[in-house]
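In what follows, a structure is listed as structure tokens, so that the remarks can point back to it.
The values are calculated or read from the model by the stated rules, or taken from the named source; none is laboratory data. All of these numbers come straight from a predicted model, not from anything done at the bench. As a convention, Cβ positions derive from the backbone with ideal geometry for all residues, glycine included, and neighbour counts pool all protein chains shown. Side chains are part of the model used for accessible areas, which takes the heavy atoms of the whole protein and leaves out ligands, DNA and RNA. Shrake-Rupley method; radii C 1.70, N 1.55, O 1.52, S 1.80 Å.
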Amino acid sequence: MRQWRVGTFSMGLLLFCTGIGLLYAQFQPTPVVSSILKWWPVIFIILGVEVLLQSYLNKGEESRIKYDIFSIFIIFFIVMGGMGLQVASKAGLSNYIQENINAKHYILPANHEIALDKDIQKVVIEAGFGPHLKVRTGRGDSIQCHAEAEIRAQSEAQARQLLQGITPFNTRRNGHTLYLNLGFSPANNSYCAAYSLILPERLAVEVEYQDASLEITMGQIANDWLIRGDGDLNITLAPQSNLMLYALVPPNQQLKGNINWTSPEGKLLKVDDLQKEKDWQEEYRPGEEAIQAQAQLGEGGYKMTIIHQRYEGNEISVNQLP
């Protein structure tokens, strides 16, 4: 007597429909995942119709429907999977999965101007572990801030809406000092890809950055600067700068550029002096055997101090335009 295992027809029909849907998705932009999450209860309808149909066709005869351990496991698996999908749908997980599958990356600009009171004399830039940072100086009396935010969203319109919830620049004031923190408060699925700042030349500036690249283009500044970090550093100075440069770098860190560095005693430092050979396996400690270098540009009226804390893998370059 021929026996019918419950689930054979249902699984065959389900595989057939799934294959047709996936094949159709190869040629059409319609998302298949959303259809599956919406129509998954049809599995129970097909399975129930199969059981009822077999019972009806074998009415009055010896039942040919076989419920074995494997069939019970398949049915249990389908039921539990369906209940899991239902719970996920009620909890919003299905919408979350669908949104992330269909989302794209958008890079949008975020501009902000920070007006400065006349009594602000210094700005401290806290870049932390942020992305690439460009700093320029200008003749204005406000800080011009620009950021490029990368946002993952369903559309550009939604990305622009999410951008309104991003705060790329956070400020606080302490006396005559303004603190500018670049660790923004992000919206969901968003982060900042790059920062660019234009600072007034009259301000004293302190930049703290870690594991990020910093690019500084300076005009005729009229105050002192302190740059402290351990990422790549590239400084371009104006032709007639009035600066006294000081650098404190690890013994295996090379100072590149066209600046003639000297020791505190006035001895001209060559490349070999700025990059001593040392065993890479030896453990270095911040401040240990650090090289001190200095260079005077013009009358040296203002001071720029560079403190680099990483012992390998980064580049420091200081150039003065002709």
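Based on what the data block shows, is residue 130 in a loop (DSSP other than H, G, I, E, B), open to solvent by less than 60 Å² (accessible area, probe 1.4 Å) and at pLDDT 85 or above?
Here the answer is no, as residue 130 does not meet what is asked.
With respect to residue 273, determine if the residue is open to solvent by 50 Å² or more (accessible area, probe 1.4 Å), modelled with pLDDT under 65 and outside any loop (DSSP other than H, G, I, E, B).
Values: open to solvent by 50 Å² or more (accessible area, probe 1.4 Å): yes; modelled with pLDDT under 65: yes; outside any loop (DSSP other than H, G, I, E, B): yes.
Yes: the conditions hold for residue 273.
Has the range 246-263 got any residue that is within 30 Å of residue 159 (Cβ to Cβ), touching a residue at least 60 places away in the same chain (Cβ under 8 Å) and in contact with a Leu (Cβ under 6 Å, 6 or more places away or on another chain)?
Within the range 246-263 (the criterion being within 30 Å of residue 159 (Cβ to Cβ), touching a residue at least 60 places away in the same chain (Cβ under 8 Å) and in contact with a Leu (Cβ under 6 Å, 6 or more places away or on another chain)), the answer is no, since none of the residues qualifies.
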